[in-house]
Amino acid sequence: MSEKLRVGVIGCGSMARHHVRGYLNSGRFEVVALADLSEEAMAQFDEELGLSAKHYTDAREMLDRENLDVVSVGVWHSGHATWTVAAAARRPKAILCEKPMAETLQRAEQMLIACRRNDVKLAIGHQRRFLPVYTLARDLIAEGAIGSVELIQSFGAQGLPNFCSHQTDMFRYLLGDDECEWVMGNVERKTDRYERTTRIEDAAIAVFQFRGGARAMILCDVTPLVYQGAHIYGSEGMIDLTTTELRLLNESTGGAWQLHRPDGKFFKLEEQGRRFEWVEGGAGQADELADWVEGIVETHRGRGENGYKALEMIHAVYESARCHEKVILPMQTRVNPLDLMVESGHLAPQRPGRYDIRAFLLHGERLWTDGSTEEPDLD
Ligand SMILES: NC(=O)c1ccc[n+]([C@@H]2O[C@H](COP(=O)([O-])OP(=O)(O)OC[C@H]3O[C@@H](n4cnc5c(N)ncnc54)[C@H](O)[C@@H]3O)[C@@H](O)[C@H]2O)c1
């Protein structure tokens, strides 16, 4: 058995907890250092996760001192590129950064360049690729169980970048990482709405066309029905997918819904209940990262290029609304088109007053950050 990989975490918040649980549950990592602006956040990590890691309030100091094999980036979206590029410059073996990959395609591209230049493996945390039920759906589609996929329908909320980048990533995963050819959509933004300091819309609708012929659709903040998963309509059957179960209907099921609730590689669904998708997704994601670092697999399902494409599909919806056109991928606009629309006055909020739907995550008396990409003053 090879030695455990030394991990340092930047940003000890709610999602980085799942990274750490994933590392520990896979049994192949040792979490040796934590960096956060809040000492309290790091102390909580040690207590909840049974760590005895070194603490740093300056993440660069941690990167310089700890000789890390793996760096987890768990700060908010606007810090993903800053900290991935900073970590890459210190040449760990791999970086696991949360989604959405960055606040602009330009910054996401810089993350890819920095990791390539320094020979660092980069994965983006779309951990649902490791849910057994998602992989079952992908395999059934590849086997032709529902014929050719005609429509994948998903329902999101809380803005496109956060919730729905999981869905754009899922579309590609279900379709064997097929490429999205074009995107057309529209957004409504009457209020000055943000999510973790990223500007978001009030509601959105989008259509995605894939090279192999499949089409997908997201209704975001439009319907009361919201979940991770999809209705998948094929020429010879249907799949109804959630994060824990899959129902298949085709000729071989006699036209009736056939239920599948697969266990994971690490955990049993019945034993974990609602925790299953987090513990199984986190452990699978970490385990494949160790495989990638150790050369057991050629690549990682969540590799940076896939994270980039999930973000590109989201920003293409904004670009379609901005330019009133069908946007052909790859996208050439590298800034965030929603920011462009708002800042140019094209889409000025009609009900002024900025608010953040994740303000409750901030520490102490803070309900606000200035949105800076470097080091938000949180404490
Ligand atoms: N993959 C998923 O399903 C999933 C789910 C939830 C959140 N996320 C993503 O995870 C990211 C973090 O979200 P969260 O809910 O965990 O946020 P959070 O507020 O709980 O945690 C962020 C942490 O980063 C720390 N931080 C901020 N600036 C820092 C800096 N310069 N140096 C060190 N630490 C710093 C904060 O003090 C805080 O503890 C977001 O990008 C979000 O989209 C992903």
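The values are calculated or read from the model by the stated rules, or taken from the named source; none is laboratory data. Just so you know, these numbers come straight off a predicted model, no measurement behind them. As a convention, Cβ positions derive from the backbone with ideal geometry for all residues, glycine included, and neighbour counts pool all protein chains shown. Calculation scope for accessible area: heavy atoms of the full protein, side chains included, ligands and nucleic acids excluded. Shrake-Rupley method; radii C 1.70, N 1.55, O 1.52, S 1.80 Å.
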Once the Cα gyration tensor of segment 1-157 is found, what semi-axes does its equivalent ellipsoid get, as square roots of 5 times the eigenvalues, in whole Å, sorted largest first?
-> 30, 19, 16
The answer for residue 189, listing residues at least 5 apart or on another chain whose modeled amide H is closer than 5 Å to its amide H, is 202
Globularity ratio of segment 118-214, using Cα Rg and 2.2 N^0.38 Å | 1.23
Over all distinct Cα pairs, what is the inverse of the mean 1/r for segment 233-367, reported as the Kirkwood hydrodynamic radius in Å?
-> 19.9 Å
Considering only the other residues whose Cβ falls under 12 Å of the Cβ of residue 215, what net charge follows from Lys and Arg at +1 and Asp and Glu at -1?
-> -2
In Hz, Karplus ³J(HN,Hα) per residue of segment 113-119 (6.51, -1.76, 1.60; θ = phi - 60°; x = Gly, Pro) | 5, 4, 6, 5, 4, 9, 6
Taking R0 as 51 Å, what's the FRET efficiency between residue 151 and residue 351 from their Cβ-Cβ distance, rounded to 0.05?
-> 0.90
So, counting K/R as plus one and D/E as minus one, what does the shell of residues with Cβ under 12 Å around residue 334 add up to?
-> -4
Within segment 67-102, which residues have the backbone N less than 14 Å from the label spot 7 Å out from residue 291 along Cα→beta-carbon, could you tell me?
-> none
Could you give the length gained on full extension between residue 181 and residue 298, defined as 0.36 nm per residue of separation minus the Cα-Cα distance, in nm?
-> 39.5 nm
Starting from the Cα of residue 305, step 7 Å along the direction of its Cβ; do the same at residue 139; then give the gap between the two resulting points in nm.
-> 2.5 nm
What accessible surface, in Å², does a 1.4 Å probe find on residue 60, ignoring ligands, DNA and RNA and rounding to the nearest 10?
-> 80 Å²
Could you run the Karplus curve 6.51 cos²θ - 1.76 cosθ + 1.60 with θ = phi - 60° over segment 46-63 and give me ³J(HN,Hα) per residue in whole Hz, x for Gly and Pro?
-> 4, 5, 5, 10, x, 9, 10, 8, 6, 10, 9, 8, 10, 5, 5, 5, 4, 4
Residue by residue through segment 354-366, which ³J(HN,Hα) values in whole Hz follow from phi under the Karplus form 6.51 cos²θ - 1.76 cosθ + 1.60 (θ = phi - 60°), with glycine and proline marked x?
-> 5, 9, 10, 6, 10, 4, 5, 7, 6, 8, x, 8, 6
Residue span residue 91 to residue 61: 0.36 nm per residue of separation minus Cα-Cα distance leaves a gain in nm of 9.4 nm
DSSP beta bridges in segment 232-379, what fraction antiparallel, as a percent rounded to 5?
-> 100 percent
For the chain, built as a Gaussian network whose Cα springs stay under 10 Å, the top-fluctuating residue of 88, 348, 286 = 348
Most mobile of 352, 132, 330 in a GNM of the chain (Cα contacts under 10 Å) = 352
How are the C-alpha pair distances of the chain spread across 10 Å bins, as whole percents from the shortest bin up?
-> 5, 24, 33, 26, 11, 1, 0
Express the Stokes-Einstein translational diffusion coefficient of segment 90-145 in µm² s⁻¹, to the nearest whole number, given a Kirkwood radius over alpha-carbon pairs, 37 °C and a viscosity of 0.692 mPa s.
-> 248 µm²/s
Debye sum, Cα scatterers, segment 215-264, no solvent: what log₁₀ I/I(0) at q = 0.19 1/Å?
-> -0.73
Compare the peptides 63-76, 242-255 by average per-residue count of other Cβ atoms within 10 angstrom and give them in order, highest first.
-> 63-76, 242-255
Cα-based convex hull, segment 175-225, per residue volume (Å³, whole number) = 114 Å³
Pulled fully out, how much extra length does the chain show between residue 251 and residue 3, if you take 0.36 nm times their separation in residues and subtract their Cα-Cα distance?
-> 84.3 nm
Of every hundred units of 1.4 Å-probe accessible area on the chain, the number belonging to carbon and sulfur atoms, as a percent, is 48 percent
